[in-house]
Amino acid sequence: MTRIAIVYDFDGTLSPEPMQEYTVLPELGMQGGAFWERVDAEAAATEGDPMLVYMRLMLEEAAARGVPLTRARLHELGAQVHYFPGVEDWFGRIDAFVAPSGVQLDHYIISAGNREILEGVSIADRFRRIYSSEYHWNDEGRATFPKVLVTDTTKTQFLFRINKGVEALHQSVNQHMADDDRPVPFTNMLYLGDGESDVPGMRVTRSYGGRAIAVHGAGNARKQAACEALVRDGRADLAAEADYREGSRLDTLVRKVLATMLARIELERELD
Ligand SMILES: [Mg+2]
């Protein structure tokens with residue numbers, strides 16, 4: 001079965017704000033701005049990884065405020081996450097576009113956010129896999145340590161997992177595999193991301209023949225300029241507003257990318 005994959009970053013790509021701002025931070029009575037400033041300041045002062053710093057600060061703040069941050073509660077809070085326009089029916093429409101070709105289309109999330117939240121978002125069942133940071137939960141149901149950490153550069157590991165079909169984290173991704181044996185060739189991969197944190201993912205996807213589109217929120221001049229810079233600097237192929245509604249520029253571009261992949265797949269079948 002020939003397969004195509006669309007890989008999405010989450011925050012800023014499918015959803016306007018970092019997922020914690022719809023979920024954990026209001027639960028703790030905290031403002032997003034102040035929290036992220038603290039993460040950045042502490043990461044800078046201690047030369048820590050900002051992703052590990054935010055995961056620890058979330059737990060420390062919850063403990064300090066006496067708010068039980070359980071896996072079930074994070075899952076529940078996922079329902080509060082907002083999306084860019086058109087996201088909720090995007091997957092059905094894009095699936096229907098590819099379906100007549102007989103090629104299998106799968107959607108994946110690779111996010112530095114929290115898997116416990118992402119599993120609770122209304123679109124969670126649209127994804128074949130959600131790769132995201134995750135806590136280890138002890139027998140009392142308390143998060144004690146990060147179990148999985150996703151950062152800008154570790155995102156690329158998950159692209160190779162998708163590419164080679166070694167999707168479970170306990171499987172080694174480093175075994176040699178001939179290109180022809182890889183279930184999702186990079187040429188059948190489209191990466192959607194919103195910024196600098198997606199540069200390694202975009203770069204890897206594109207350097208092996210896949211496509212990358214940089215997206216930004218409507219009216220966000222700073223993010224738009226950043227996306228255009230990604231295109232100019234050869235990181236992304238295209239930039240578009242994160243508008244997933246039918247007929248939007250993004251919808252049109254993604255269909256063109258998919259149609260090109262499908263035409264190439266069909267030709268390759270003739271040449272075989
Ligand atoms: Mg993002």
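Can you tell me the order of 166-172, 223-229 when each peptide is scored by its average per-residue count of other Cβ atoms within 10 angstrom, highest first?
Working: 166-172: 11.0, 223-229: 17.3.
Descending mean neighbour count gives 223-229, 166-172.
Accessible area per residue for the chain in Å², computed with a 1.4 Å probe and the full protein assembly in place, what is it? Each step should come with its number before you reach the end.
On the way: 12850 Å² over 272 residues.
Averaged over the residues of the chain, the accessible area is 47 Å².
What does DSSP give for the chain in terms of the percent of beta bridges that are antiparallel, rounded to the nearest 5?
Values: 4 of 28 bridges.
The answer is about 15 percent antiparallel.
Please quote Rg/Rh for the chain to two decimal places, taking the Kirkwood radius as Rh and restricting both calculations to Cα atoms.
Reported Rg/Rh, Kirkwood definition of Rh: 0.97.
Which angle from 0 to 90°, rounded to the nearest 10, does the C-alpha axis of helix 249-271 make with the longest principal axis of the chain?
50 degrees
Rounded if a/c is under 1.5, else prolate if a/b beats b/c, else oblate: with a ≥ b ≥ c from the C-alpha gyration tensor eigenvalues square-rooted, which is segment 61-199?
It comes out oblate by the Cα gyration axes.
Which order do peptides 198-204, 42-48, 84-90 fall in by mean Cβ count within 10 Å, highest first?
198-204, 84-90, 42-48
Would you pull out the residues with amide H under 5 Å of Tyr191's amide H, same chain only if 5 or more places away, H placed 1.01 Å from N?
For Tyr191, whose amide H was placed from the backbone, the distant partners under 5 Å are Val7, Arg211, Ala212, Ile213.
Determine the distance separating the Cα centre of segment 238-272 from the Cα centre of segment 9-45; give it in Å without decimals.
Using only Cα atoms, the two centres lie 33 Å from each other.
For Ser15, enumerate residues with amide H under 5 Å from its amide H, sequence gap 5+ or separate chain, H modeled in the peptide plane.
Phe84
Which of the lysines could be linked to Lys223 by a straight reach, that is with a Cα gap under 30 Å, when you skip same-chain ones fewer than 8 residues away?
Lys155, Lys256
Where the accessible area of segment 27-101 is counted over protein heavy atoms with a 1.4 Å probe, how much of it, in %, is carbon and sulfur? Let's see the in-between values first.
On the way: 2160 of 3950 Å².
Carbon and sulfur: 55 percent of the exposed surface of segment 27-101.
Taking a quarter of the surface of the convex hull around the Cα atoms of segment 159-209, what do you get in nm²? Can you show the working numbers first?
Values: hull surface 15.2 nm².
Computing the convex hull of the Cα atoms and averaging its projections yields 3.8 nm².
Listed highest first by mean packing, meaning other Cβ atoms within 10 Å per residue, what order do 98-105, 238-245, 138-145, 7-14 come in? Numbers along the way, then the final one.
Working: 98-105: 15.1, 238-245: 20.2, 138-145: 11.8, 7-14: 24.1.
Per-residue mean Cβ counts within 10 Å order the peptides as 7-14, 238-245, 98-105, 138-145.
So for the pair Glu167, Asp181, with labels modelled 7 Å out along Cα→Cβ, what separation do we get in nm?
Between Glu167 and Asp181, the label points sit 2.0 nm apart.
The values are calculated or read from the model by the stated rules, or taken from the named source; none is laboratory data. In this text the structure is predicted, and so the values were computed from the model without any measurement. Here the Cβ is made from the backbone with ideal geometry for all residues, glycine too, and neighbour counts use every protein chain on show. Accessible surface areas use protein heavy atoms only, side chains included; no ligands, DNA or RNA. Shrake-Rupley method; radii C 1.70, N 1.55, O 1.52, S 1.80 Å.
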